[in-house]
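Visitor: Would you mind keeping the following structure in view while I ask a few things?
The values are calculated or read from the model by the stated rules, or taken from the named source; none is laboratory data. Remember, predicted model here, so these are calculated numbers, not experimental data. When we count neighbours, we look across all protein chains shown, and the Cβ atoms used for this are built from the backbone with ideal geometry, even at glycine. Heads up: the accessible areas ignore ligands, DNA and RNA and are worked out on the full protein's heavy atoms, side chains in. Shrake-Rupley method; radii C 1.70, N 1.55, O 1.52, S 1.80 Å.
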Amino acid sequence: MSITSSAPWQALATLATAHKNEHMRDWFNNEPNRAAQFTQSACGINIDFSKNTITQGIFDQLLALADTANVVQARANMFAGQPINYTENRAVLHTALRNFGDAPIYVDGENVLPAVQATRAKIKAFTESLHNGTHTGYTGKAITDVVSIGIGGSFLGPKIMTEALLPYHANKLKVHFVANVDGCHIQDVLAQRDPETTLVLMSSKSFGTQETKQNTLTAKAWFLGTGAPAEAIATHFAAISSNVPAAVEFGMNPELVFPMDDWVGGRYSLWSAIGMPIALAIGYEHFEALLKGAFAMDQHFQSAPAEQNLPMILGMLGVWYRNFQDAQSHVLLPYYHYLRGFPAYVQQLDMESNGKRNVADGSAVDYATGPIIFGSEGTNGQHSFHQLIHQGDTIIPADFIMPLRVPNQDDTHHAMLASNCFGQTQALMQGKTFDECRAELPDALSDAEKDTLAAHKVMPGNKPSNTITFEQLDPFTLGALVALYEHKVFVQGVVWGVNSFDQWGVELGKVLGNQVLDAIHSGDMHASMDSSTQALINQFRDSLK
Ligand code: F6P
């Protein structure tokens, strides 16, 4: 039976119609307690979700829907290591990677925690050996730079968390990230490196990703091309992978291959050895604090009642907009420069997890699933795409994210930043009426001119947003924030009945990309190629002549 025929779903559909013509502005005027009523906090993160188009009745039904969808049971199954990634028959245990408790977690009858702890110890030892100079380059010089090569989850988590924690950098190593197979990037990064003091770190769960392999081959060729001896590869190249044999076969020193398990999804892997670049940048203690923040959010997610449960609240608000308000997208607006990459991080997390259309038995859903995720740092977006959020003919729920304090606080700047952040949420919610706009126009205008201009200036308001604040974005808080979004996505995936942990949709493009590459080199078109693709290949080949 489809979730759409459940009682809470039906009730929500009715409530959506019943409240269709109401405005949040009036709710705030009539409900002095509204902000307190719809604010919750945990793990140092405060969420004011009062500027959403929900009443207490709608909120209650959203939580009832989560209950009907059995989110609680699904959550227990995930944390217990059940193979909930059923299309790949795998457990989903990124939570085990940041588990600092004693209770064993079993996969196929084996407690995974000892291996998790061993890998953490390996990350710590390697980080320290680079920081204290015991692991040197082949000429005895200390390593100063790390070129971290990986893509997707083997790139976004490490890069964006490293960037977000800039104030916590140990300043021992500079970490440079390369993802795209576009040669411009790797060449630019390598051109500025000294091979004697550079370590290349290849991150690939599968060890089969074309972009990552090619970039690493290019790095190897550069390294050897500078005159470095072949045996120096063993100290200047390291790898992180769940496919250790492939890494060794590729020429990696087995002692510098850091393992990960197949029950860690790529986009959930920053807590594993894939997070090594973060540890190298900020030091192991801060890396552990990041894990502990995520662990705190895991505990909150597992134990807090639904109405106080931050991932549950964010997840079900998203369901409200996607399924009952026709929202196509969701925007993330970090008001903190160092968190500028966070929308891209959540974009992969959410869209690769819930961009699906089939439920467990293979049948197609008859309701909307994952939204389009986009965003950028505030205030930059205010001078760009916020126009459409304010006045466009579509609803784009927004998450405003802001630390109350920043390192090296400059009160002038930070107060302006905060005022823009909070002011945007107010403008989106309240809007500006026709009469308010008209009253501000110069008397010199005719009535007709005033009517026309005022119509253009009307801000409809009633646009939803969450405001997510915390004291400072320290490693602990960042860990909690990332885990918050992971679990939000999980809650939604359960309600929609999709498998949030596979990504079959990315496969066809990889296969066809390889066929195109063959055709570019050989000129032989594959039988399946359409005339457009053939023409593009010929155009490319002609340009090489
Ligand atoms: O193509 C998608 C994807 O499989 C992501 O899910 C993953 O994070 C990325 O590619 C990189 O994969 P790998 O770590 O195996 O190189």
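Visitor: Can you spot the lysines whose alpha carbon is less than 19 Å from Lys432's alpha carbon? Ignore those fewer than 8 places along the same chain.
Guide: Lys20, Lys51, Lys450, Lys457, Lys463
Visitor: So, one more: Using the heavy atoms of the protein chains alone and a 1.4 angstrom probe, what is the accessible area of the range 350-410 per residue in square angstrom?
Guide: 48
Visitor: Which percent, nearest 5, of DSSP beta bridges in the chain are antiparallel?
Guide: The antiparallel fraction comes to roughly 30 percent.
Visitor: Using the alpha-carbon atoms, what tilt in degrees (0 to 90, nearest 10) does helix 411-430 show relative to the longest principal axis of the chain?
Guide: 50
Visitor: Okay, moving on. What whole-number value in Å² describes the accessible area per residue of the range 106-288 for a 1.4 Å probe?
Guide: Counting only protein heavy atoms, the per-residue value for the range 106-288 is 38 Å².
Visitor: For the range 89-172, run through the GluC sites (Glu not before Pro) and keep only the ones in DSSP coil with at most 15 other Cβ atoms within 10 Å of their Cβ.
Guide: Taking the range 89-172 and a limit of 15 other Cβ atoms within 10 Å, no loop GluC sites (Glu not before Pro) are found.
Visitor: Then there is this: Let me know the volume per residue of the alpha-carbon convex hull for the range 106-288, in Å³.
Guide: It comes to 108 Å³ per residue, whole-number rounded.
Visitor: What nm distance separates the two modelled labels at Glu128 and Lys510, each placed 7 Å from Cα along Cα→Cβ?
Guide: Once both label points are built, they end up 3.7 nm from each other.
Visitor: Moving to a separate point now. When the accessible area of the chain is split by element with a 1.4 Å probe, what percent falls to carbon and sulfur?
Guide: Carbon with sulfur: 52 percent of the solvent-accessible area.
Visitor: So what are the three principal axis dimensions of the range 88-208 from its Cα atoms, in whole Å, longest to shortest?
Guide: Here the Cα extents, ordered largest to smallest, are 48, 34, 29 Å.
Visitor: With n ≥ 4 as the cut-off for DSSP H runs, can you work out [θ] at 222 nm for the chain, using -39500 (n - 2.57) per run divided by the number of residues, rounded to the nearest 500?
Guide: It comes out at -14500 deg cm²/dmol, rounded to the nearest 500.
Visitor: R0 = 45 Å: FRET efficiency of Ile520 with Ser41, Cβ-based, nearest 0.05?
Guide: 0.25
Visitor: If you don't mind, there's one more thing I want to ask. ³J(HN,Hα) across the range 146-151 via Karplus (A = 6.51, B = -1.76, C = 1.60, θ = phi - 60°), whole Hz, x for Gly/Pro?
Guide: Result, rounded to whole Hz: 10, 9, 9, 10, x, 9.
Visitor: Per residue, how big is the convex hull of the chain when only Cα atoms are used? Give it in Å³.
Guide: Here the figure is 203 Å³ per residue.
Visitor: Moving on. List the extent of the Cα atoms of the range 413-545 along each of their three principal axes, largest first, rounded to whole Å.
Guide: Its Cα atoms span 72, 50, 37 Å along the three principal axes.
Visitor: Given a Förster distance of 30 angstrom, what is the FRET efficiency for Asp26 paired with Asn380, based on the Cβ-Cβ distance and rounded to 0.05?
Guide: Once rounded, the FRET efficiency stands at 0.40.
Visitor: Between Ser446 and Gln214, how many nm apart are label points set 7 Å from Cα along the C-beta direction?
Guide: Spacing of the two 7 Å Cα→Cβ label points: 6.3 nm.
Visitor: In Å and from the alpha-carbon atoms only, list the Rg and Dmax of the range 29-158.
Guide: According to the Cα coordinates of the range 29-158, Rg and Dmax are 22.7, 73 Å.
Visitor: Test of understanding: extend the Cα→C-beta vector of Ala170 to 7 Å, then name every residue of the range 253-278 with backbone N under 13 Å from that spot.
Guide: 276-278
Visitor: What full-extension length gain, to one decimal in nm, is calculated for Gln325 and Ala221 as 0.36 nm per residue of separation minus the Cα-Cα distance?
Guide: 32.1 nm
Visitor: Kindly rank 512-520, 348-356 from highest to lowest mean number of other beta carbons found within 10 Å of each residue.
Guide: 348-356, 512-520
Visitor: Counting only Cα atoms, I'd like the Rg/Rh figure for the range 1-43, Kirkwood definition for Rh.
Guide: The Rg/Rh ratio comes out at 1.14.
Visitor: Positive end of the charge dipole of the chain (Lys, Arg +1 and Asp, Glu -1 on Cβ, about the Cα centre): tell me which of Val92, Val331, Val147 has its Cα farthest that way.
Guide: Val147
Visitor: Exactly which trypsin sites (Lys or Arg not before Pro) in the range 395-502 are in a DSSP loop and have at most 15 other Cβ atoms within 10 Å?
Guide: Passing sites in the range 395-502 are Arg405.
Visitor: If I ignore ligands, DNA and RNA and count only protein heavy atoms, how much of Val498 is accessible to a 1.4 Å probe, in Å² to the nearest 10?
Guide: About 10 Å², rounded to the nearest 10.
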